[in-house]
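The values are calculated or read from the model by the stated rules, or taken from the named source; none is laboratory data. Note that the coordinates shown come from a computational prediction; the quantities given were computed from them, not determined experimentally. Cβ atoms come from the backbone with ideal geometry, glycine included; neighbour counts cover every protein chain shown.
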Amino acid sequence: MVSVEFLRRHALALVALTAWGSLAIALYLQHVHDWQPCPLCILQRLAFIAVGVLALAGLLLKRRTGALRSIQAATVVAALAGAAVAGRHLWVKAHPAVSCGIDPLETAINTQWWVQQMPWLLKADGLCFLPLPPLLGLQLPVWSLLLLLLMALLALLQKPFSSA
């Protein structure tokens, strides 16, 4: 059993592993199984990237309490923003008549400079309402929602390390 003290000491490392592992799975599903990401998927990916980068920054600064607290707050905000997008994605899936398909959101995302630099990671080509096979019994937006909420909680648990 994992102790609370272990979680408090290694929370940001677990957050970083979860964020980058989730992105790796998303890329595997996209490029190997041809599950094309929709605009809401891309926004969730951006949240995972932000959380992963912030968690790594927090690991570098965990001995500095003030910096760590600021990074924890930013990590929680990024994770909760991604969770909100995942919630919206679930709502769209539950209401297929409402589509985020080829709409201004897709155009707005796909015309950004950062998408042009990394289309393999950030280009939205899918439709949000399309049913995809479940992954371990759950739809991908459910996994995103659960993992982003878990990462927000874990980020709050990280305690600063003393120099000793």
### Query
Which condition breaks for residue 151 when tested against (1) outside any helix (DSSP H, G or I); (2) among the hydrophobic types (A, V, I, L, M, F, W, C); (3) modelled with pLDDT of 85 or more?
(1)
### Query
Would you call residue 20 of a type outside the set (Ser, Thr, Tyr), surrounded by fewer than 23 Cβ atoms within 10 Å (Cβ to Cβ) and part of a helix (DSSP H, G or I)?
yes
### Query
Can you find a residue in segment 26-36 that is in a helix (DSSP H, G or I) and under 13 Å from the mean Cα position of the chain (by Cα)?
yes
### Message
Looking at (1) closer than 25 Å to residue 71 by Cα; (2) modelled with pLDDT of 80 or more, which one does residue 138 not meet, given that it meets all the others?
### Response
(1)
### Query
Would you pick out the residues in segment 118-148 that are part of a loop (DSSP other than H, G, I, E, B) and either surrounded by 14 or more Cβ atoms within 10 Å (Cβ to Cβ) or of a type in the set (Phe, Trp, Tyr) (or both)?
123, 124, 125, 126, 127, 128, 129, 132, 139
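So which residues in segment 61-78 are among the β-branched types (Val, Ile, Thr) and surrounded by fewer than 14 Cβ atoms within 10 Å (Cβ to Cβ)?
Scanning segment 61-78 gives a single hit, 65.
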### Query
For segment 26-47, how many residues are free of Cβ contacts under 8 Å to residues at least 12 places away in the same chain and among the aliphatic types (A, V, I, L, M)?
1
